[in-house]
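Read-outs throughout are calculated quantities, based only on the coordinates presented, and are distinct from any laboratory measurement. Computed from a predicted structure; not experimentally measured. All Cβ positions, even for glycine, are placed from backbone atoms using ideal geometry, and neighbour counts span all protein chains on display.
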Amino acid sequence: MLSSITSTTSMFYGCSSLASLDFSSFDTSNVESTESLFGGCTSLESLDLSNFNTSKAKWMRNLFPRKAAFK
């Protein structure tokens, strides 16, 4: 993905049918805000964040949904 992205705020917000996501190929090295990235993704069971780089993140509030179905 693009390394120039600085915000993933609400990127998947409200994706209530999203069950799994492989985020490992996303270049998040310049992301400063991830607020509500997966907010409302209540069916989310599987999430690969193995390369999720948050070293520059300043805002990470409500990153995950409150009622996720993680296994």
(request) Pop a pseudo-label 7 angstrom from the Cα along the beta-carbon direction at both D27 and E45 and give the gap in nm to one decimal. (result) 3.3 nm
(request) Mind checking the full-extension length gain between F52 and F64? Use 0.36 nm per residue of separation minus the Cα-Cα distance, one decimal, nm. (result) 2.9 nm
(message) Can you tally the net charge around M11? Count Lys and Arg as +1, Asp and Glu as -1, for every other residue whose Cβ sits under 14 Å from the Cβ of M11.
(response) -3
(request) Note down the relative contact order for the chain as a percent, whole number, built from C-alpha pairs under 8 angstrom at least six residues apart. (result) 36 percent
